[in-house]
Each structure stands twice: as C-alpha cells, then as structure tokens.
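The block underneath contains the structure these notes are about, expressed in structure tokens.
The values are calculated or read from the model by the stated rules, or taken from the named source; none is laboratory data. Values in this document were obtained by computation on a predicted structure and should not be read as measured data. Heads up, the Cβs are rebuilt from the backbone with ideal geometry, glycines too, and the neighbour counts pull from every protein chain shown. All accessible areas refer to the heavy atoms of the entire protein, side chains included, with ligands and DNA or RNA removed. Shrake-Rupley method; radii C 1.70, N 1.55, O 1.52, S 1.80 Å.
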Amino acid sequence: MSGGDWKEMFNAGCAGDLALVEHHVKSGVDVNYAHPEFLSTPLVAAILAGQEAVALYLLDHGANPALASEFDAATPLQAARQMGLVAVEEKLYAMGVPRPPAGAGEPLASPASRTLALAAAVVYLALFVSLVMGVVYGLGLHCEGFGCMGLGVYWFTWSVVYAVSGLIGLWARSLTRSAAVAGGLVRWAVRLHLLMGLVLLVLWWIST
C-alpha cells in the first residue's frame, strides 16, 4: 500500500472505508487540511456523508472539533446535528465544543423546502450533464465545417451557460445541504463543474 495521500483519505472517509482512512492518518496525512480542489475538511465531509465511525476516528486522531468547512459552510457540530449523528455530536461536546442554547436546535426541513432542494438539484444536475455533452460536441467541431466565427459563438454561448449553471449549482448546494437532500451528489457535481472549466481554460491557453 502506498504512503499517505490526502485525496485518497478524503474519498475513503466519504465512502466509509475506515481502514484506508487509518492507513493515511498513520502515514502522517493532515486531517485538518482542506485541499484547494475540495475546500472541505475531511471531518465535515465524512459527517455529511453519514460516516459516523470515520468521523469519530478523525476526532480521536487530531481533527479539530471546531474547524469549519469552507465549501460546506458548516462546522462539525452543525453537520452532525444536521445529519442526526448523535454519537459524533456528543463526542464534540466532550471535546469542548459549546452546546447550543436551549431551543436552538437545527430546524427540520419542511416538506416544501425539501421539495425545492430536490428540484434545484435535479435542474442543476441536468444542466451539468448538458454542459458535459456540450463539451464533447464542441471539441469535435472544426473551423472547416463549422466556420471559425460560428465556433467562437458556440463556445461563448457554452461559457454563458457554464457561468449561469454554476450559480444555480451553488444555490442548489446550499439548499440541499440545509434540507439534507442529495447534498453529496450536488457537492461533487459542483466540484467537477469547476474542474471542467479549469481544464477547458488550460486547453484554450495551450492552443492559443
């Protein structure tokens, strides 16, 4: 087995592969690091993925119980309360995280808000798939058959759709996180969305 690898540890934590998480932690991977491509902490990501055993292990092996995850806009406690992971919540309290005031519990999402979150997720994921198909189609176009001006118009239109759908993705991510509906799927789609734009930007820069 290879040495420590943060990305592999992160993905293993979200998948519930505790043995692989243990391997990377013992290899010296920083459990409080948030990679620029992810912007999520391993602890909060594991909690939001419902991986209680992984979250407890990370807390026992150096994870900061108060460190917020920028991408998820949540602290470990907020994530644990949202996902209903009582054991993780109690562990956080035992590690010194203040209990919220009485009556300040995490509100349950109403059926209407869950429906809106699910609808936003479906719309965004459909746009994401359309963008991917647009890239595949666009990369097959050539000036000879399409016209260079037409090719430019195509990619300009794609870029506009990319930007608008990116905003919709961020909105959908926020809704699904608060309503606990399809949050993991939308978070990964948003990450791939950003990565797709960066890859195309690099390809464009190389070709010019």
Helices (runs of 4 or more DSSP H) contained in the range 125-208 and holding at least 2 residues open to solvent by less than 40 Å² (accessible area, probe 1.4 Å) and modelled with pLDDT under 90: 148-179, 183-207
Subset of the range 7-29 [farther than 20 Å from A74 by Cβ and part of a loop (DSSP other than H, G, I, E, B)]: D17, S27, G28, V29
Residue in the range 19-39 that is within 20 Å of T176 (Cα to Cα), touching a residue at least 24 places away in the same chain (Cβ under 8 Å) and in contact with an Asp or Glu (Cβ under 9 Å, 6 or more places away or on another chain) present: yes
